[in-house]
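S.K.: Sharing a structure, written as C-alpha cells. Questions coming.
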Amino acid sequence: MCETNGFKRHIMEHNQNHNNAADATPLVPVRFELTDKAAHSVCVAGSFNDWKLEAKALHPDGGGKWLKETPLKPGQYEYCFVDGRWINRRSGSRC
C-alpha cells in the first residue's frame, strides 16, 4: 500500500429520507464511476467494506470508464478507488 499523506478521501452521502422499518434499514443502490484510461483493474475500498481493497471490483465500460453499483445502508462513507495503488479521483493521478 502506498502512503496517503495529503490524500483526501472522498465522502459520499445518502439521502436519509427513506421509509425505514423498525428493525431493518433498507439498502439503496449506489453507483461508483471512475474514468481512468491507464487503469487495468479498479476496485473501490471504503468505510462501507472495512477498506478491503479487492471486495468491490468495478467493471470496465469502455473508453477508460469503470462502473460498480452496490447496495448500501443510507449514511455517510469515505472511499477511494484502487488500481494497485490508491487513485486520486479528482486529478487522475496516483499517490
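S.K.: Roughly speaking, what is the stretch gain from GLU33 to GLN76, that is 0.36 nm per residue apart minus the C-alpha to C-alpha distance, in nm to one decimal?
M.R.: Once the chain is fully extended between GLU33 and GLN76, it gains 13.7 nm.
S.K.: While we're on this one: Enumerate the lysines that LYS37 could reach by cross-link, defined here as Cα to Cα under 20 Å, with residues fewer than 8 away along the same chain left out.
M.R.: Excluding near neighbours in sequence, the set is LYS56, LYS65, LYS68.
S.K.: Suppose every K and R has +1 on its Cβ and every D and E has -1 on its Cβ; what is the size of the dipole of the stretch 26-80 about the Cα centre, in Debye to the nearest 20?
M.R.: That gives a dipole near 80 debye.
S.K.: Can you work out the Karplus-derived ³J(HN,Hα) for every residue in the stretch 64-70? Use 6.51 cos²θ - 1.76 cosθ + 1.60 with θ = phi - 60°, whole Hz, and x for glycine or proline.
M.R.: Those phi angles translate into x, 8, 10, 9, 7, 10, 9 Hz.
S.K.: Could you check the spin-label model distance between ALA55 and HIS40? Points 7 Å from the Cα along Cα→Cβ, value in nm.
M.R.: According to this spin-label approximation, the distance is 2.5 nm.
Since every read-out is calculated from the coordinates, none of them should be taken as a lab result. Given the structure is predicted, the values throughout are model-derived calculations rather than measurements. As a convention, Cβ positions derive from the backbone with ideal geometry for all residues, glycine included, and neighbour counts pool all protein chains shown.
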